Structures are given as C-alpha cells and as structure tokens.
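*Asks:* My questions all concern the structure below.
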Amino acid sequence: MNKYTGRQIAIFTDIHALLEPTVAILDDIRKRGIREIYSLGDSIGVGPNPSEVLDLLIENNVKMINGNSEDYVIIGIAPFGYVCFNPTKVASHKWTLSRLRPDQIAMLKGNLHSYDLKIGGMNIGLCHFANDVRIDFGEHSTWSYQSSINNGIEDPQRQFYYTNSDIQKEEIEAFSQVHLPKYESYRSAKKDPLFGGKTIDAYDEIIQGHVHFKFLTEDEKVKIRTIRALGMAYKNDPIDYASYIIIREKEIGYDVEEILVPFNRDLMLKSIDDSTMPDKSKINRFVSRR
C-alpha cells in the first residue's frame, strides 16, 4: 500500500519571461525522466524573454494554463483596471506583445485556465489562482488573499469558496447585463470557466500560483497549495535557485516535493540589463535585485 505507481508530474508557475531559471528547471525535469509538465500561468509578462520562454515550453511539451499576464495579451488590458495600467505599465505590456509572434499568440488563445488531475484516487485542480483573475477584483482578489495571510485575521482560503458559487453566478450575471459587451474577460470566463464551473470543494487539493509566495492551508474540505514563482526566491530560499514541485502518485494518494534547482543568476540579470524593456523596476523587484 501507498507505494509509488511510477507516475510523476512536474508543476511550476509565474516564470514571468525569465529564461535562465526556466532552462535550469526543464533540464532538471528532463534528467528525472518526467514527461508530464504543467505551467500554472504568467509564463510571460514583466521579464525580458517572453518569446524564448514560450518556445522552450512548447519544445518541452509543457501544458500551459493562462494567467492574468496571458490574458492581457489575448483579452486586452482594458478589463483589468484593478492593475492600474499607468503609461509605464502600458508601455511594458506593449513591449511584451511586440515580442510575441502571431503563432504564439494563437497558441495562448487555445490554452485553458485550469486542469483537472486524478492522482492516486484523489482530485487535484490546477489553476493560476483559485479566484478567477479575469473577474474577481474586489473582496475576493489577490490582495485580499495576501492580506488575510499576512494579518492572520481570517481563514485565507475562505474566499475561494466564492468561485463558481451561486452568489458569484448571480453577481456576474447582473454585471454582465451592463458590462459584458465591453469586457472580454467576462466572455472568456463564461466560455472557459475556472474548474469547468465546479466549486473548489469538488477537489481534494487546489494547486495555484499568482502571488509568488508559497503557502499551504487546508480544512475538512479541500487543501490549497500555493507554490512560489519559478525564478523568484521566497524568504530564506537562496536567490540563485529556481523552484518547482513534483507530484508522485501512490496507490492511494500522492506525495508533493518542492525541488530547488541552481541556475545562472548572473546571466539572468544580464538578460534583464541588456533588454530593451521600457521598465525594469518591477522585474528587478521580483528577482530581489540588490
């Protein structure tokens, strides 16, 4: 009982167009003989190598989930007013868009926003964030999740039970009567609902990214596992190590292990410095530039 069946799955998130740590991660995955690989979104945006990263993911048969950075490209930035797209951010978005080929944009348009996995008799939902970043910008947003964790004032996963609930459906329908013709994000969410329209208690575990830090919480219904951004150190993690997780299936259940992989940080920083990106302040902050 509880022996590994041989199935192994590699999962990472929030590459943000950083090529060097992505190369290191995929090389490590390949050496381990793992063929089932998922990226949980924000593979592009902010960083210097969006096109090269997408080509590398395609070359390695990575199943890609769209995060908000991909949605900025395929939906447009107009629906994402909560991001505060000032002129600098608009310029950065246009720069990323200018680096992508038509075939890459077409590929992004065909990607899903979540995947279901059945592992060792357990149900796992993969997504960028368990509140749909296309439509949840208020009390169920990224910022409320971070605040609840940092302040310890409420169950940090309570907000995710809003996703695909009757309350959410009613609110979206009311909003769509006015805004749906304008906001393509609502069209996208209706066409490809997160988790296929299921609520999170249909799963034993949700695995997500988006906020760049790692956090694990669970209740009697579902476990929420937030994994750190691929090339961005978290707390005491050494800054020259990239991160991904491996799920190893057992006869009953599975194990999860975080893998830290060394990469050429100096080359990554040089890629940032040599880039023609109009704004490098955000990516420098993301990679803990000193």
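The values are calculated or read from the model by the stated rules, or taken from the named source; none is laboratory data. On a predicted model such as this, the values are computed, not experimentally measured, just so you know. Here Cβ is always computed from backbone atoms with ideal geometry, including for glycine, and neighbour counts include all displayed protein chains.
*Asks:* Taking interchain pairs and intrachain pairs at least six residues apart, which have beta carbon atoms under 7 angstrom, with the first residue in the range 229-241 and closer than 11 Å to residue 264 by Cα and at pLDDT 90 or above and the second part of a loop (DSSP other than H, G, I, E, B) and not hydrophobic (A, V, I, L, M, F, W, C)?
*Replies:* 239/288
*Asks:* Please go through the range 270-281 and give me each residue that is crowded, with 16+ Cβ neighbours inside 10 Å and outside any loop (DSSP other than H, G, I, E, B), ordered by number.
*Replies:* Within the range 270-281, 271, 272 qualify.
*Asks:* Further, regarding this structure: Would you check which residues across the range 37-77 are in a loop (DSSP other than H, G, I, E, B) and over 29 Å from residue 183 (Cα atoms) and list them?
*Replies:* First pass over the range 37-77, keeping only residues in a loop (DSSP other than H, G, I, E, B): 40-49, 60-62, 66-67, 75-77.
Scanning the range 37-77 gives 60, 61, 62.
*Asks:* Looking only at the range 232-267, count every residue that is in a loop (DSSP other than H, G, I, E, B), out of contact with any helix residue (DSSP H, G or I) (no Cβ under 6 Å at 6 or more places or on another chain) and within 20 Å of residue 21 (Cβ to Cβ) and tell me the total. Talk me through it step by step, then tell me what you get.
*Replies:* Applying the first criterion (in a loop (DSSP other than H, G, I, E, B)) to the range 232-267 yields 232-240, 251-253, 263-264.
Filter once more, so that each one left must be out of contact with any helix residue (DSSP H, G or I) (no Cβ under 6 Å at 6 or more places or on another chain): 233-239, 251-253.
Keeping just the survivors that are within 20 Å of residue 21 (Cβ to Cβ) gives 233-239.
The number of residues fulfilling the criteria is 7.
*Asks:* Do we have any residue at all in the range 117-138 that's surrounded by fewer than 17 Cβ atoms within 10 Å (Cβ to Cβ), charged (D, E, K, R), farther than 25 Å from residue 226 by Cβ and modelled with pLDDT of 90 or more?
*Replies:* no
*Asks:* Still on this model: Any residue at all in the range 26-36 that is surrounded by 21 or more Cβ atoms within 10 Å (Cβ to Cβ), of a type in the set (A, V, I, L, M, F, W, C), modelled with pLDDT of 95 or more and not in a helix (DSSP H, G or I)?
*Replies:* Within the range 26-36, not a single residue is surrounded by 21 or more Cβ atoms within 10 Å (Cβ to Cβ), of a type in the set (A, V, I, L, M, F, W, C), modelled with pLDDT of 95 or more and not in a helix (DSSP H, G or I).
*Asks:* Say whether the condition of being of a type outside the set (S, T, N, Q) and within 16 Å of the chain's Cα centre (by Cα) is met by at least one residue in the range 54-61.
*Replies:* Checking the range 54-61: at least one residue is of a type outside the set (S, T, N, Q) and within 16 Å of the chain's Cα centre (by Cα).
*Asks:* In addition: For the range 78-100, which positions are part of a loop (DSSP other than H, G, I, E, B) and at pLDDT below 85? Working first, answer last.
*Replies:* Residues of the range 78-100 part of a loop (DSSP other than H, G, I, E, B): 78-80, 84-86, 100.
Those that are part of a loop (DSSP other than H, G, I, E, B) and at pLDDT below 85: 78, 79, 80, 84, 85.
*Asks:* For residue 217, indicate whether it is in contact with a strand residue (DSSP E or B) (Cβ under 8 Å, 6 or more places away or on another chain), without any contact (Cβ under 8 Å) to a residue 60 or more places away in the chain and not basic (Lys, Arg). Spell out the reasoning first.
*Replies:* Values: in contact with a strand residue (DSSP E or B) (Cβ under 8 Å, 6 or more places away or on another chain): yes; without any contact (Cβ under 8 Å) to a residue 60 or more places away in the chain: no; not basic (Lys, Arg): yes.
So residue 217 does not fit the description; no.
*Asks:* Further question: Looking at the range 192-225, which of its residues are crowded, with 21+ Cβ neighbours inside 10 Å and under 19 Å from residue 70 (Cα atoms)?
*Replies:* 194, 195, 207, 208, 209, 210
*Asks:* Another question about this same structure. What's the total number of residues in the range 193-231 that are outside any loop (DSSP other than H, G, I, E, B) and among the basic types (Lys, Arg)? Walk me through it before giving the result.
*Replies:* Let us first name the residues in the range 193-231 that are outside any loop (DSSP other than H, G, I, E, B), namely 194-197, 200-202, 205-208, 215-218, 223-226.
Restricting the remaining residues to those that are among the basic types (Lys, Arg) gives 223, 225.
Count: 2.
*Asks:* Can you tell me which of 110, 45 is modelled with pLDDT of 95 or more, in contact with a Ser or Thr (Cβ under 9 Å, 6 or more places away or on another chain) and closer than 20 Å to residue 13 by Cβ? Full working, then the answer.
*Replies:* Values: 110 fails: in contact with a Ser or Thr (Cβ under 9 Å, 6 or more places away or on another chain).
Being modelled with pLDDT of 95 or more, in contact with a Ser or Thr (Cβ under 9 Å, 6 or more places away or on another chain) and closer than 20 Å to residue 13 by Cβ holds for just one of 110, 45, which is 45.
*Asks:* Kindly list, by first and then second residue, each pair from a residue in the range 54-72 that is polar (S, T, N, Q) to a residue that is part of a loop (DSSP other than H, G, I, E, B), limited to pairs with Cβ atoms under 6 Å and residues at least 6 apart or on different chains.
*Replies:* Cβ pairs passing all conditions: 66/41; 66/111; 66/113; 68/133; 69/42; 69/44; 69/45.
*Asks:* Something else about it: Using the structure shown, decide if residue 108 is farther than 26 Å from residue 144 by Cβ, among the aliphatic types (A, V, I, L, M) and within 18 Å of the chain's Cα centre (by Cα). Outline the logic, then answer.
*Replies:* Working: farther than 26 Å from residue 144 by Cβ: yes; among the aliphatic types (A, V, I, L, M): yes; within 18 Å of the chain's Cα centre (by Cα): yes.
Yes: the conditions hold for residue 108.
*Asks:* For the range 174-192, how many residues meet the condition of being part of a loop (DSSP other than H, G, I, E, B) and either over 16 Å from residue 115 (Cα atoms) or of a type outside the set (D, E, K, R) (or both)?
*Replies:* From the range 174-192, those part of a loop (DSSP other than H, G, I, E, B) are 180-183, 192; that's our starting set.
Applying the additional criterion that residues be either over 16 Å from residue 115 (Cα atoms) or of a type outside the set (D, E, K, R) (or both) yields 180-183.
Adding up the residues that qualify gives 4.
*Asks:* Same structure, new question: Show the residue pairs meeting these rules: Cβ distance below 7 Å; 6+ apart or different chains; first residue within the range 105-122 and under 25 Å from residue 45 (Cβ atoms); second residue among the charged types (D, E, K, R).
*Replies:* If the second residue must be among the charged types (D, E, K, R), the pairs left are 108/70; 111/70; 112/192; 113/192; 115/63.
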